[in-house]
Amino acid sequence: MEKVKIKSYFYLTVTLTALIMSASQGCKYENEEELFGSEEECEVTEISYQGEIIPILDQFCYSCHSTAEASGVILDTYVTLKSWADESLYCTISYGDGCDNMPKNQPQLSECNILKIKTWIDEGALEN
Ligand code: HEC
């Protein structure tokens, strides 16, 4: 009787250990997939002013740089934005030397958003 009990505890322990190990491996796999997935998400092959640039600026810049704010730097019209794109726009978001870091008093843009704006500028900052 005693022998049977010990045996079943042994099997129970083995089964539990196997379950715990596979569960934690599952987690690790999911995390890796998540990381990999977010790297893949930065799609810069077809960047357009309407599709990618306006939404980024709307979220992080227009609050201080819209026509309505009437500040010196207006980023919500194409013509004024284009002139900043030819000047210090990339410098500000990439925290370059000789310009202010933007968005002011807020965390730096994500690498992907910076890359999107850089790509748009490199392709001529078109009104596309
Ligand atoms: C909290 C307010 C605020 C936000 C948000 C903000 N800025 Fe600015 N930004 C300023 C102020 C203030 C200045 C100083 C010039 C002025 O009066 O507009 C400035 C200046 C600039 C300049 C010219 C300065 C230079 O050194 O060449 C650029 C370009 C600029 N911002 C781009 C951006 C971009 C791009 C974003 C969004 C990613 C952004 N800003 C978000 C407040 C802000």
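Could you go through the range 44-59 and let me know if any residue there is at pLDDT below 90 and in contact with a helix residue (DSSP H, G or I) (Cβ under 9 Å, 6 or more places away or on another chain). Walk me through it before giving the result.
Taking the range 44-59 as the starting set, the residues that turn out to be at pLDDT below 90 are none.
Checked the range 44-59: no residue is at pLDDT below 90 and in contact with a helix residue (DSSP H, G or I) (Cβ under 9 Å, 6 or more places away or on another chain).
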Output for the range 60-98, where each listed residue is modelled with pLDDT of 95 or more and acidic (Asp, Glu): ASP76, ASP86, GLU87, ASP97
Looking at the range 86-113 only, could you name the residues that are of a type in the set (A, V, I, L, M, F, W, C) and near the ligand (Cβ under 9 Å from one of its atoms)? LEU89, CYS91, ILE93, CYS99, MET102, LEU109
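The values are calculated or read from the model by the stated rules, or taken from the named source; none is laboratory data. Computed from a predicted model, the values in this text were never measured in an experiment. Note that each Cβ is placed from the backbone with ideal geometry, even for glycine, and that neighbours are counted across all protein chains shown.
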